[in-house]
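A.B. asks: For reference, the structure I am asking about is given below.
The values are calculated or read from the model by the stated rules, or taken from the named source; none is laboratory data. The structure displayed is predicted, hence computed values, not measured ones. All Cβ positions, glycine included, derive from the backbone under ideal geometry; neighbour counts span all protein chains shown.
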Amino acid sequence: MANKIKNKNEWAVVTGASKGLGYCYCEELLKLGYNIIAVARDTTSLNILHEKYPNQDIKMLNYDLSDSNNCYQLFDDVKSENITLLINNAGYGVWGYFSASNLEQEMNIIDLNIKALHILTKLFVQHFIDQNNGRILNIGSLAAFTPAPVFASYYASKAYVWSLGVAINTELKKTKSSVRVITLCPGPLKTDFWNRSSNQKDAKYHSTIKVMKTTTYARKSLKRGLKTKRKNYIITGRVNKLVKILTKFAPQSCVLSSVYNYQKKRK
Ligand SMILES: NC(=O)c1ccc[n+]([C@@H]2O[C@H](COP(=O)([O-])OP(=O)(O)OC[C@H]3O[C@@H](n4cnc5c(N)ncnc54)[C@H](OP(=O)(O)O)[C@@H]3O)[C@@H](O)[C@H]2O)c1
């Protein structure tokens with residue numbers, strides 16, 4: 001049956017759009033009437049959404065964003081469209097003891113989780129300030145709030161994402177800009193992230209807490225991320241909020257031991 005959603009004539013750029021959380025954000029944005037520019041190394045999975053939402057446009061751009069040149073190229077490709085939203089979502093981790101984990105992969109997550117996000121945030125913040133309209137949602141993680149033995153570089157990369165975003169958003173508010181950079185901090189989600197991050201086909205997925213469905217997280221976090229005027233970052237879900245409070249008030253040695261025990265179990 002033809003979809004009756006009204007096209008907003010606004011474009012949203014979503015990185016890491018081919019699966020997991022990014023794919024869910026694309027579908028939620030299409031339901032809200034956005035046109036989508038979907039970016040990943042392989043975007044063929046987006047064809048299904050094309051058929052499901054015929055009234056909206058979906059442009060698919062195959063870029064490896066861990067190459068900085070592709071970030072600049074992406075901006076050049078899309079800047080003439082009426083873009084009002086960027087979701088910097090592409091990211092992964094390198095699981096394992098630091099003494100044994102792969103240095104090349106760790107440099108690659110710095111290129112993707114930190115450098116690509118930083119470059120795109122800079123280019124789009126400037127563009128959005130010029131057009132006096134626009135919002136960036138950077139996908140951080142609860143991982144931003146504590147160091148993590150056995151998953152060190154990933155958690156450190158998310159601490160960067162959170163710190164950068166909160167600082168920029170504060171600048172924007174202080175200078176009375178309408179532009180916002182909001183950091184969304186998911187807790188664990190069942191996606192391919194765990195396989196890629198541990199170089200396994202069926203990574204053991206340990207969670208002592210009930211995990212929110214990825215589609216539910218995408219819908220709820222997007223709603224809040226698009227709406228908030230005052231908040232710098234958003235944690236969605238009661239359990240995730242409780243985890244954040246614990247990382248703040250529990251003694252750091254307890255937090256580090258718990259994270260160590262949680263992360264070391266993946267194999
Ligand atoms: N899953 C969790 O538990 C969890 C928790 C907190 C935060 N997060 C964060 O949520 C975000 C999305 O993760 P996810 O769980 O949805 O993971 P996912 O299912 O593995 O999806 C990752 C997406 O990023 C894309 N991507 C990976 N490397 C890329 C590159 N070099 N250039 C361009 N695109 C690339 C992938 O597409 P291609 O492979 O086609 O490039 C895919 O679309 C990440 O930033 C992650 O850190 C995840």
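A.B. asks: Are any residues in segment 112-141 surrounded by 23 or more Cβ atoms within 10 Å (Cβ to Cβ) and within 13 Å of the ligand (Cβ to nearest atom), and if so, which ones?
C.D. replies: N113, A116, L117, L120, L137, N138, I139, G140, S141, listed by residue number.
A.B. asks: Go over the candidates M107, M60 one by one and state the one that is out of contact with any Ser or Thr (no Cβ under 8 Å at 6 or more places or on another chain) and at pLDDT 95 or above.
C.D. replies: None of the other options fit; the residue is M107.
A.B. asks: Only residues that are modelled with pLDDT of 95 or more, within 14 Å of the ligand (Cβ to nearest atom) and in a helix (DSSP H, G or I): list them for segment 170-219, please.
C.D. replies: T214, T215, T216, Y217, A218
A.B. asks: Across segment 242-264, what is the number of residues that are of a type in the set (K, R) and surrounded by 14 or more Cβ atoms within 10 Å (Cβ to Cβ)?
C.D. replies: Qualifying residue count, segment 242-264: 2.
A.B. asks: Filter segment 151-162 down to residues that are farther than 22 Å from Y217 by Cα and touching a Ser or Thr at 6+ places or on another chain (Cβ under 9 Å) and give me whichever is farthest from the ligand (Cβ to nearest atom).
C.D. replies: A152
A.B. asks: Only one of (1) assigned to a helix (DSSP H, G or I); (2) surrounded by 17 or more Cβ atoms within 10 Å (Cβ to Cβ); (3) among the β-branched types (V, I, T); (4) more than 13 Å from the ligand (Cβ to nearest atom) is not met by I109, so which one is it?
C.D. replies: Result: I109 passes all but (4).
A.B. asks: For segment 86-97, how many residues are aliphatic (A, V, I, L, M) and away from the ligand (no atom under 14 Å from the Cβ)?
C.D. replies: Residues flagged as aliphatic (A, V, I, L, M) and away from the ligand (no atom under 14 Å from the Cβ) within segment 86-97 amount to 0.
A.B. asks: Given the structure, is A144 out of contact with any strand residue (DSSP E or B) (no Cβ under 8 Å at 6 or more places or on another chain), within 22 Å of I234 (Cβ to Cβ), aliphatic (A, V, I, L, M) and surrounded by 21 or more Cβ atoms within 10 Å (Cβ to Cβ)?
C.D. replies: no
A.B. asks: For segment 47-86, how many residues meet the condition of being more than 20 Å from N9 (Cβ to Cβ) and in contact with a Phe, Trp or Tyr (Cβ under 9 Å, 6 or more places away or on another chain)?
C.D. replies: 5
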